[in-house]
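Novice: Once you've had a glance at the structure underneath, I'll fire off some questions.
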Amino acid sequence: MRSVRIAIIGAGFSGLGMAIRLKQAGIDDFVLLERADDIGGTWRDNSYPGCAVDVQSQLYSFSFAPNPDWSQVYAPNTEIWDYIKRVAAEHDVDRHVLLNTELQGGTWDDTAARWRLETSNGAIDARYVVSAMGPLSNPALPDIPGLDNFTGTVFHSARWDHDHDLTGKQVGVIGTGSSAAQFVPEIQPSVAQLTVFQRTPHWTFPRMNRRITALERAAYRRFPVLQRLVRARQYYYRELIGTLLQKPRALEAIARLRMRAQVRDPQLRAKLTPDYRIGCKRVIVTDDFHPALTRANVEVVTEKILEVTPSGVRTADGAEHQLNTLILGTGFEVMPIADPLRGRGGDTLTERWQHGRSAYLGTTVAGFPNYFMLVGPNTGTGHTSVLLYAEPQIDYIIDAVRHAERQGAAVEVRQEAQDAYNADVRARLADTVWLTGGCHSWYLNEPGGSSVLWPGHTGRFQRALARFDHENYTLRNARTQNTAS
Ligand code: NAP
């Protein structure tokens, strides 16, 4: 059995960030378990045409590893994946990664104060576990009758079939979310006919991407403070947008005007205009999605899909749309509780969270000593970079590890601290546009609520995690198993 101080589950952006910060803190005794055959998480898996980040790259990168070489304001997926791999290599994190190693189970041994993990490559024993599995890592396949009987080619946007040439094909796309909005404009010019099946229209917001000039990049390299200033400007711009999304009328007016300019056909515009408040669902940052839908070879179908037939899709109006290829832009399972660990009481998170997910600061869970989550419950954001939430979590975890080791004990959040924190989050969520805006969205993943999003400014979250608040934790002594404050 391999024995380590810390096991990180998942070698995507946040897991690698954890690993790098551990290195910087002088902690070298850790492994990253990665179920796939390479690192990079979502930026390894999503390779569809046009795939790019929808938050400015200066903000969507580690604050401790700025990249002066981003080629565009919104970098494409390949560049982001390269960045992740380069930064991991530069910090000597690669050698800690165990590829093709899936966490299959694990229990907390309260006597030894250690996690006993089972993986597809054998047992691992760890004092601390950091779960960094990613909130949107498993593709969601739609539950549409007949999907298995389709005789053409079908694939999900996150598993793009690059061997399948779309040129001259009759292509159907199910879904009009952030992913479809990026690949539809890319594939539209080459396909013969594109049928886009839209269940709900989405609000869009200007992207205004542009190349970053060689001069800018040279300036960022020479004067890193300039890049920090750009990042700070983007941070505050996005916080402003986040605030405006909670008072959406002004942004809706802008979005309507833009739609009028981009989509001249009133019938198509009516189809594409949402009947819920902007911000209720994730706003799509795009300049070319709606224009692509106006092209002659594109049809937007809003009739309900009844079934997939061997040769196409049948909708509620009786029409059968003939297709060679069906692309599922149907999103992801939201924050799947893929974590099979059993806590101190022997229950898994799935069992514990039957009636809703609850964690403290989205990071720790009562009953799970020395266990930490990155991008856990209510750490999602609809307006800015998720890394702005993951980074304070990472530093908080390192503080927690240091505290635990100073005390010679395991740390476990107090149930009452977790309950009070969650009551506050629920109360603050209640009058947000996500709950009151009149839409159904993947944000609303709990009966009557959300355990996805953080209600408030990013700074508030960052301040809450600025230091490890040991007073809200119980120490579990490894030698005596007693609990002490
Ligand atoms: P998504 O936003 O969840 O969109 C899924 C789409 O599929 C929606 O239009 C949904 O309709 C539709 N759909 C799902 N099941 C369906 C069914 N059974 N029948 C008909 N339509 C169905 O997924 P996504 O576009 O992959 O994006 C997911 C998230 O990933 C984004 O919100 C964003 O956070 C992230 N993302 C980020 C980037 C980026 O940074 N560049 C790019 C892509 C994605 P409804 O709206 O009616 O549910």
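Novice: Any chance you could count how many residues in segment 259-302 are over 19 Å from V196 (Cβ atoms) and in a helix (DSSP H, G or I)?
Specialist: Initially, segment 259-302 is screened for residues over 19 Å from V196 (Cβ atoms), giving 260-261, 276-280.
Next, from what is left, pick out any that are in a helix (DSSP H, G or I): 260-261.
Residues meeting the conditions: 2.
Novice: Residues of segment 385-422 being open to solvent by 60 Å² or more (accessible area, probe 1.4 Å) and among the small types (G, A, S), which ones?
Specialist: Answer for segment 385-422, where residues must be open to solvent by 60 Å² or more (accessible area, probe 1.4 Å) and among the small types (G, A, S): just A420.
Novice: Name the residue, out of R406, R414, R463, that is under 19 Å from R357 (Cα atoms) and over 20 Å from the mean Cα position of the chain (by Cα).
Specialist: Being under 19 Å from R357 (Cα atoms) and over 20 Å from the mean Cα position of the chain (by Cα) holds for just one of R406, R414, R463, which is R414.
Novice: Here are some residues: I20, I9. Which one is of a type in the set (V, I, T) and touching a Phe, Trp or Tyr at 6+ places or on another chain (Cβ under 9 Å)?
Specialist: On the way: I9 fails: touching a Phe, Trp or Tyr at 6+ places or on another chain (Cβ under 9 Å).
Within the list I20, I9, the selection yields I20.
Novice: Here is a further query. Criterion first (more than 26 Å from R249 (Cα to Cα), hydroxyl-bearing (S, T, Y) and crowded, with 20+ Cβ neighbours inside 10 Å) does T286 satisfy it?
Specialist: Working: more than 26 Å from R249 (Cα to Cα): no; hydroxyl-bearing (S, T, Y): yes; crowded, with 20+ Cβ neighbours inside 10 Å: yes.
Answer is no for this residue.
Novice: If you don't mind, another one. For R277, are the conditions met, namely being buried (at least 20 other Cβ atoms within 10 Å of the Cβ) and within 16 Å of the ligand (Cβ to nearest atom)?
Specialist: yes
Novice: Which pairs do you get when a residue that is more than 11 Å from the ligand (Cβ to nearest atom), found in segment 433-445, comes within reach of a residue that is open to solvent by less than 60 Å² (accessible area, probe 1.4 Å) and not in a loop (DSSP other than H, G, I, E, B), reach meaning Cβ atoms under 8 angstrom, with the pair 6+ apart or on two chains?
Specialist: Between residues of segment 433-445 that are more than 11 Å from the ligand (Cβ to nearest atom) and residues that are open to solvent by less than 60 Å² (accessible area, probe 1.4 Å) and not in a loop (DSSP other than H, G, I, E, B), the close pairs are V433/L245; W434/L453; L435/L429; L435/G449.
Novice: Right, here's the next one. Quick check on this structure: which one of Q415, Q407 is touching a strand residue (DSSP E or B) at 6+ places or on another chain (Cβ under 6 Å) and at negative phi? Spell out how you get there, then give the answer.
Specialist: Values: Q415 fails: touching a strand residue (DSSP E or B) at 6+ places or on another chain (Cβ under 6 Å).
Being touching a strand residue (DSSP E or B) at 6+ places or on another chain (Cβ under 6 Å) and at negative phi holds for just one of Q415, Q407, which is Q407.
Matching residues to (1) out of contact with any His (no Cβ under 8 Å at 6 or more places or on another chain); (2) surrounded by 15 or more Cβ atoms within 10 Å (Cβ to Cβ); (3) at positive phi; (4) at pLDDT 95 or above:
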{"site": "E303", "(1), (2), (3), (4)": "yes, yes, no, yes"}
{"site": "L328", "(1), (2), (3), (4)": "no, yes, no, yes"}
{"site": "E333", "(1), (2), (3), (4)": "yes, yes, no, no"}
{"site": "D339", "(1), (2), (3), (4)": "yes, yes, no, no"}
{"site": "R342", "(1), (2), (3), (4)": "yes, yes, no, yes"}
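Novice: Another question, then. Inspect all residues belonging to segment 457-475 and state whether any of them is β-branched (V, I, T) and either open to solvent by 30 Å² or more (accessible area, probe 1.4 Å) or part of a strand (DSSP E or B) (or both).
Specialist: Going through segment 457-475, the residues β-branched (V, I, T) turn out to be 458, 474.
Filter once more, keeping what is either open to solvent by 30 Å² or more (accessible area, probe 1.4 Å) or part of a strand (DSSP E or B) (or both): 474.
The answer is yes; a qualifying residue exists.
Novice: Then there's this: Specify which of the listed residues (R44, R2) is buried (at least 18 other Cβ atoms within 10 Å of the Cβ) and among the basic types (K, R).
Specialist: Numbers: R2 fails: buried (at least 18 other Cβ atoms within 10 Å of the Cβ).
Criteria check complete, one pass: R44.
Novice: Kindly provide the set of residues from segment 103-150 that are more than 16 Å from the ligand (Cβ to nearest atom) and free of Cβ contacts under 8 Å to residues at least 12 places away in the same chain, ordered by number.
Specialist: Of everything in segment 103-150, those that are more than 16 Å from the ligand (Cβ to nearest atom) and free of Cβ contacts under 8 Å to residues at least 12 places away in the same chain turn out to be D109, R116.
Novice: If a residue has to be more than 13 Å from the ligand (Cβ to nearest atom), assigned to a loop (DSSP other than H, G, I, E, B), open to solvent by 20 Å² or more (accessible area, probe 1.4 Å) and on the phi < 0 side of the Ramachandran plot to count, how many in segment 151-192 make the cut?
Specialist: The qualifying residues number 13.
Novice: Answer yes or no: is there a residue in segment 99-115 that is assigned by TED's automatic domain parsing to the domain that holds G15, in contact with a Leu (Cβ under 6 Å, 6 or more places away or on another chain) and hydrophobic (A, V, I, L, M, F, W, C). Before you say what the answer is, go through the steps one by one.
Specialist: Initially, segment 99-115 is screened for residues assigned by TED's automatic domain parsing to the domain that holds G15, giving 99-115.
Then drop every residue that is not in contact with a Leu (Cβ under 6 Å, 6 or more places away or on another chain), which leaves 101, 103, 106.
Retained after the next criterion (residues that are hydrophobic (A, V, I, L, M, F, W, C)): 103.
Yes, segment 99-115 contains at least one residue that is assigned by TED's automatic domain parsing to the domain that holds G15, in contact with a Leu (Cβ under 6 Å, 6 or more places away or on another chain) and hydrophobic (A, V, I, L, M, F, W, C).
Novice: When G343 is evaluated against the numbered criteria (1) closer than 24 Å to P185 by Cα; (2) away from the ligand (no atom under 16 Å from the Cβ), which criterion, by number, is the only one it fails?
Specialist: The number of the failed condition is (1).
Novice: Any residue that is over 25 Å from A296 (Cα atoms) and not assigned by TED's automatic domain parsing to the domain that holds I27 - is there at least one of those in segment 184-202? Lay out the reasoning, then the answer.
Specialist: Taking segment 184-202 and keeping what is over 25 Å from A296 (Cα atoms), we get none.
No - not one qualifying residue is present in segment 184-202.
The values are calculated or read from the model by the stated rules, or taken from the named source; none is laboratory data. Small disclaimer: the values here were computed from a predicted structure and weren't measured. All Cβ positions, even for glycine, are placed from backbone atoms using ideal geometry, and neighbour counts span all protein chains on display. What goes into the accessible areas is simple: the full protein's heavy atoms, side chains included, and nothing from ligands, DNA or RNA. Shrake-Rupley method; radii C 1.70, N 1.55, O 1.52, S 1.80 Å.
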